[in-house]
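Chemist: Before we start, here is the structure in question, set down as structure tokens.
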Amino acid sequence: MSEQADPTTQGRADLVAWDRSRPTNHFEIDGNLHHLLRMHLGEERFQEHWPMLMRAGELSAQSMDQLARESNRDENLPRLQRFDGVGQQVEEVVFHPSYHELGAQIWSTGVLSVLARPDSDVLCGALAYLVTHNGEAGHVCPVACTAGLIKLLQRVGSEAQREHYLPRLLETDYGQRLHAAQFVTEVQGGSDVGLNGCVAVPDPQQPGHYRITGEKWFCSVMDAQLFVITARVGSTAGTGGLGLFLVPRKVNGTINNFTIRRLKYKLGTRSMASGEADFHGALGEPIGLPHRGFKNLISIVLDTSRVHNAVAASGSMRRAYIEAQTFAHHRVAFSRPIVDHPMLRERLARMRVLSSAAVSTTFRILAMSDRLLGDPQARPDEELTAARRTHVNINKYWTAIKCTEVVRDGIEVLGGNGTIEEFSVLPRLYRDAIVLESWEGSHNTLCAQVLRDFAQRGLHRQWLAEVRDAVERVRHESLGEHHDRAATVLKDVARRIDHLLAAGEDYASLHIRRVVDRMCLLNSYVSLLLELNWELEQQITSDKAAVVDLYRLLYIDQVDPMDREDLVPLFEKVTGL
Ligand SMILES: Cc1cc2nc3c(=O)[nH]c(=O)nc-3n(C[C@H](O)[C@H](O)[C@H](O)COP(=O)(O)OP(=O)(O)OC[C@H]3O[C@@H](n4cnc5c(N)ncnc54)[C@H](O)[C@@H]3O)c2cc1C
């Protein structure tokens, strides 16, 4: 007869078993990601990059996880050192060694170097997604900012700028790399960028160069070697007068005429240094034409950051689900593993479905980017470019909100332990999720931009056409009912957009967010359906059909679970890893 352990010993043994059960490779266990990448990259490219993805998945689950915990401890956060021991101005940020060790591992995954080939957003996104299973980790913002500069140089940089900067921006060696920051926000407003007061005046001594003067209020990656800065050129007010400048941290080994006031003491993304800085005639060179600064900022720099933001939200959601799902199988309450309590199972099912939807919509955008950049000789596809712009804005908004929701649910599954920093990654993910909601465009700002794009440029037409085309691609014989449901929702969304645009300005700005919510729900459903359609065509066995059914019932049809007994088996089916 086996001896029953006392409850204390058993309780601790369960926690130890949970800790040991956690995955050791975030890529290997993610069957959904494998299918998704096969679909978007094609089998050959997927196989070619398998070793790279496996390595990133292993680092993410093992050493990166440990290093992120270490570098985020209160006592290890970055600190400002403005002067060296003999009083020379250095304007440096001092990091804990674990921060740099982590950075070396992240850069070594190739997350940035793959961008040397322009149609690599899916691959870059997959690597970043694995890294962001550890939240911001102090380096995800620098990676996004550096990716933004790479794309900026590739698309509008001069030949000389590309030759000079790109090789080191694309480095895998952390010690050799150049990394970038983006300083746009000023104290008078982040959303209303047209109020920017920083100015750029031509430097008569150095033709082609400008001197930048003014204050920037939110400067993340304060340690970067290259700053991308917005500054006003000439007297034109508003966003039309803004240029985009590349400002090196140092010129000929000397600090480039800027001072750091302080580092911000933040809620989230804490191990990454965000500061406030003053520029006193710093030397900068324009990237692209100065009068197109705002256009390039929105269409290249912020576009890249917004997609990376969605990748980070998706990776954090997936990690929250892994933590909660594994915990629920080991934690026992009222004589059974908590996963067997129906209310808790439903919570997990919702987490899984929302995370899958976020991954789906985000990788669909990454695949659009690759299609647009695949053939540099081809004529730009203006319809897809326009549709993608709306997709990027609504997806940044939606995934950030869902991330906070899913991570909070994960904390609930872990109970009181879920609030403890040493116990799991979740408190840190939660703090980072709130930041993901604010930067790179706050919710209302993104919705307001969508409304402007629709009202002034008619971009709803291209977005609706793209989604209509996607719905028509859902052709598998078993998906007829889903196809028809998606087509009906699409008609309703189109009608609401028309109604909004025909109404007065105040009405439209009051209700655009509600319309965007419906656009996001529809797009999530359609994106998941496209994956299911592909999996069925490939005769792949997975739980995607259950994920799609549940998504439709809970979020499209919004059924009352009390009236639907068929939800219970779906909750069971979708709560595997
Ligand atoms: C940790 C962190 C790091 C950051 N790092 C950087 C960085 O490196 N570089 C950088 O440039 N910026 C950075 N930011 C700034 C960030 O981009 C801004 O905070 C953001 O753009 C919002 O600007 P704001 O804070 O000035 O808010 P405000 O613009 O003052 O907005 C306040 C509120 O008003 C709402 N609002 C604004 N306009 C409208 C409207 N038309 N209709 C309805 N509601 C509206 C907003 O949605 C928001 O809820 C960072 C922010 C954080 C939190």
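The values are calculated or read from the model by the stated rules, or taken from the named source; none is laboratory data. The structure presented is a predicted model; accordingly, all values stated were derived computationally and were not measured. Ideal geometry is used to build each Cβ from the backbone, glycine not excepted, and the neighbour counts take in all protein chains shown. Calculation scope for accessible area: heavy atoms of the full protein, side chains included, ligands and nucleic acids excluded. Shrake-Rupley method; radii C 1.70, N 1.55, O 1.52, S 1.80 Å.
Chemist: In this structure, is MET317 away from the ligand (no atom under 16 Å from the Cβ), without any contact (Cβ under 8 Å) to a residue 40 or more places away in the chain and open to solvent by less than 10 Å² (accessible area, probe 1.4 Å)?
Modeler: It is false that MET317 is away from the ligand (no atom under 16 Å from the Cβ), without any contact (Cβ under 8 Å) to a residue 40 or more places away in the chain and open to solvent by less than 10 Å² (accessible area, probe 1.4 Å).
Chemist: What is the residue count in the range 275-331 for residues that are aliphatic (A, V, I, L, M), under 22 Å from MET222 (Cα atoms) and touching a helix residue (DSSP H, G or I) at 6+ places or on another chain (Cβ under 9 Å)? Can you show your working first?
Modeler: From the range 275-331, those aliphatic (A, V, I, L, M) are 277, 282-283, 287, 289, 297-298, 300-302, 307, 310-313, 317, 320, 322, 324, 328; that's our starting set.
Those left that are additionally under 22 Å from MET222 (Cα atoms): 277, 282-283, 287, 297-298, 300-302, 307, 312.
Checking which are touching a helix residue (DSSP H, G or I) at 6+ places or on another chain (Cβ under 9 Å) leaves us with 287, 297-298, 300-302, 307, 312.
Adding up the residues that qualify gives 8.
Chemist: Considering only residues of the range 73-106 that are touching a helix residue (DSSP H, G or I) at 6+ places or on another chain (Cβ under 8 Å) and of a type in the set (Phe, Trp, Tyr), which is surrounded by the most Cβ atoms within 10 Å (Cβ to Cβ)?
Modeler: Ranking the qualifying residues of the range 73-106, first place goes to TYR99.
Chemist: Further question on the same structure: It is to be established whether one or more residues within the range 241-252 are without any contact (Cβ under 8 Å) to a residue 12 or more places away in the chain, open to solvent by 40 Å² or more (accessible area, probe 1.4 Å) and more than 9 Å from the ligand (Cβ to nearest atom).
Modeler: Yes, the range 241-252 contains a residue that is without any contact (Cβ under 8 Å) to a residue 12 or more places away in the chain, open to solvent by 40 Å² or more (accessible area, probe 1.4 Å) and more than 9 Å from the ligand (Cβ to nearest atom).
Chemist: If you take the residues in the range 183-212 that are more than 15 Å from ALA282 (Cα to Cα) and part of a strand (DSSP E or B), which one is farthest from the ligand (Cβ to nearest atom)?
Modeler: So the residue we want is GLU186.
Chemist: If you scan the range 31-47, which residues turn out to be touching an Asp or Glu at 6+ places or on another chain (Cβ under 7 Å) and surrounded by 21 or more Cβ atoms within 10 Å (Cβ to Cβ)?
Modeler: First pass over the range 31-47, keeping only residues touching an Asp or Glu at 6+ places or on another chain (Cβ under 7 Å): 35-36, 39.
Within the range 31-47, LEU36, MET39 qualify.
Chemist: Which of the numbered conditions does TYR99 fail, given that it passes all the others? Conditions: (1) in a loop (DSSP other than H, G, I, E, B); (2) more than 17 Å from LEU366 (Cα to Cα).
Modeler: Unmet condition: (1).
Chemist: On to the next question. What tally of residues in the range 421-443 results from selecting those that are surrounded by fewer than 23 Cβ atoms within 10 Å (Cβ to Cβ), within 15 Å of the ligand (Cβ to nearest atom) and either over 21 Å from HIS308 (Cβ atoms) or of a type in the set (A, V, I, L, M) (or both)?
Modeler: 1
Chemist: Just wondering, is there one or more residues in the range 385-399 that are in a helix (DSSP H, G or I), away from the ligand (no atom under 16 Å from the Cβ), over 21 Å from the mean Cα position of the chain (by Cα) and touching a residue at least 60 places away in the same chain (Cβ under 8 Å)? Talk me through it step by step, then tell me what you get.
Modeler: Filtering the range 385-399 down to residues in a helix (DSSP H, G or I) leaves 385-399.
Keeping just the survivors that are away from the ligand (no atom under 16 Å from the Cβ) gives 385-391, 395, 399.
Narrowing the set further to residues that are over 21 Å from the mean Cα position of the chain (by Cα) leaves none.
Scanning the range 385-399, I find no residue that is in a helix (DSSP H, G or I), away from the ligand (no atom under 16 Å from the Cβ), over 21 Å from the mean Cα position of the chain (by Cα) and touching a residue at least 60 places away in the same chain (Cβ under 8 Å), so the answer is no.
Chemist: How many of the residues in the range 373-398 are open to solvent by 20 Å² or more (accessible area, probe 1.4 Å) and in contact with an Asp or Glu (Cβ under 6 Å, 6 or more places away or on another chain)?
Modeler: Residues in the range 373-398 being open to solvent by 20 Å² or more (accessible area, probe 1.4 Å) and in contact with an Asp or Glu (Cβ under 6 Å, 6 or more places away or on another chain): 2 in total.
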